[in-house]
1. Quick one: what pairs do we get from region 57-79, first residue touching a residue at least 12 places away in the same chain (Cβ under 8 Å) and closer than 20 Å to Ser37 by Cα, second among the aliphatic types (A, V, I, L, M) and outside any strand (DSSP E or B), C-beta under 7 Å, 6+ apart or different chains?
2. Please work out which one of (1) at pLDDT 95 or above; (2) out of contact with any Cys (no Cβ under 6 Å at 6 or more places or on another chain); (3) under 17 Å from Tyr54 (Cα atoms) is the condition Asp152 fails and give its number.
3. Which one is modelled with the lowest pLDDT, of the residues in region 95-131 that are basic (Lys, Arg) and surrounded by 11 or more Cβ atoms within 10 Å (Cβ to Cβ)?
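The values are calculated or read from the model by the stated rules, or taken from the named source; none is laboratory data. Predicted, not measured: the structure shown is a model, and the values here were computed from it. FYI the Cβ positions are ideal-geometry reconstructions off the backbone, even for glycines, and counts take in every protein chain you see.
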Amino acid sequence: MQLRTKRQRLRRLISAALWTLVVVTFLACSGQKVYDSYCHTPLAGWEKNDPVEYDVPPVKVAGDYAAEVGIRITDAFPFTALFLVVTETVVPSNKVGTLSRETTTTHVLTCDFMNADGKDAGRGLSYHQFAYPLPSISLQEGDSLHVSIRHDMKREILTGVSDIGLTLSKE
């Protein structure tokens, strides 16, 4: 009888642990993120005229979307800031047969890697990760987005940039 009770308790404990894991997993996911992708850049050097490009598939819900550029650098990055040119092109869902046209917006993003007190503002040890917001983007249902990111530094080839990412979330 005691063995049966211990088995029942163990089963209840395992069941409770699994349900807790499921609930925590669902609560951790915001459900608002619609796109999140990182592209590698050559560690030997990211060329100025070699943009990183993203094609966001058509959105299912109309509204304003928050965009964010993610950057991962190594200790080989020679500067305390990075200047990026971000070009966003909204491709309307109803492009064929209507007057809707693609709209293109360009932003120059200043990415400071140090705090005001001179400390590293990123997260990580050998790779440092940073995130920088872009102005929100208004999209209609079915619109897609093409984003192109290139650096705008004096050097033609920039070392130490590992990855450039793009995240799009429903506001």
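1. Thr74/Leu43
2. Here Asp152 meets the rest and fails (3).
3. Lys95
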